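S.K.: Sharing a structure here in structure tokens format.
Taken together, the values in this text are just the output of simple stated rules run on the coordinates, not laboratory data. It should be emphasised that the depicted structure is a prediction, and the values quoted were computed from it without experimental measurement. A quick note on method: Cβ atoms are made from the backbone with ideal geometry, for glycine too, and the neighbour counts reach across all protein chains shown.
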Amino acid sequence: MPILKPENIGEHMAVDEKYIHGEFYTLLTNGQTGKIALMASTTKNALLSQAMRKFGDKLFTVKVLTRDLATNYDWFGRENFMNAAQVADKFHVLKHAFEALQDLRIYYRQKLLTQRREAYFQL
């Protein structure tokens, strides 16, 4: 049984999953007030969209939807928040940036070690 609070829908909403006691939950929160508009014990787009129908025309008031980079939330946003711009949350953007930076660091370190080995064996 999901928690549905249409009065908590605002212009800036955020969707994310939480892992609580061995189960994944989807939370839709108001970015301005921090209040929960939806809490459902699923991350499946079809079930979430079915629950979102209860919000009706309130969904058209949402201008910005902040979400992680998961594809199921991409479709969730497209199907339910047609007037909203979708924005990737900063955690996932920074995570990908740091992973790319780490990949470059490893690449150049390996290149340097290879050059040192080659120079050592040329002596």
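S.K.: Go through region 110-115 residue by residue and turn each phi into a ³J(HN,Hα) via Karplus (6.51, -1.76, 1.60, θ = phi - 60°); whole Hz please, and just put x for glycine and proline.
M.R.: Listing the rounded values in order: 4, 4, 5, 5, 5, 4 Hz.
S.K.: Taking only Cα atoms, what is the 0 to 90° angle, nearest 10, from helix 71-80's long axis to the longest principal axis of the chain?
M.R.: In the chain, helix 71-80 runs at an angle near 30 degrees to the longest axis.
S.K.: What is the order of THR43, THR61, THR114, fewest Cβ neighbours within 10 Å to most? Show your work: numbers first, answer last.
M.R.: Details: THR43 18, THR61 14, THR114 10.
Starting with the residue having the fewest Cβ neighbours, the order is THR114, THR61, THR43.
S.K.: For a quick check: with amide H placed at 1.01 Å from N, whose amide H comes under 5 Å from ALA37's, ignoring anything fewer than 5 positions away on the same chain?
M.R.: Residues meeting the criterion, in which the H sits 1.01 Å from N, are LEU28, THR29, ASN30.
S.K.: Here's something else I'd like to know. Give the percent of DSSP beta bridges with both residues in the chain that are antiparallel, rounded to the nearest 5.
M.R.: 65 percent
S.K.: Binning at 5 angstrom from zero up to the longest distance, how are the C-alpha pair distances of region 1-89 distributed in percent?
M.R.: 3, 16, 29, 31, 17, 4, 1
S.K.: Let me ask you something else. Taking amide H positions as placed 1.01 Å from N in the peptide plane, with prolines and chain starts having none, which residues 5 or more places from THR42, or on another chain, fall under 5 Å of its amide H?
M.R.: THR26
S.K.: So, one more: Identify, among PHE76, THR61, LEU123, the residue whose Cα sits farthest towards the positive end of the charge dipole of region 20-123, taking +1 on the Cβ of Lys and Arg and -1 on the Cβ of Asp and Glu, with the dipole about the Cα centre.
M.R.: With unit charges placed on the Cβ atoms, the residue in question is LEU123.
S.K.: Could you give the distance between the Cα centres of region 44-119 and region 1-31, to the whole Å?
M.R.: 17 Å
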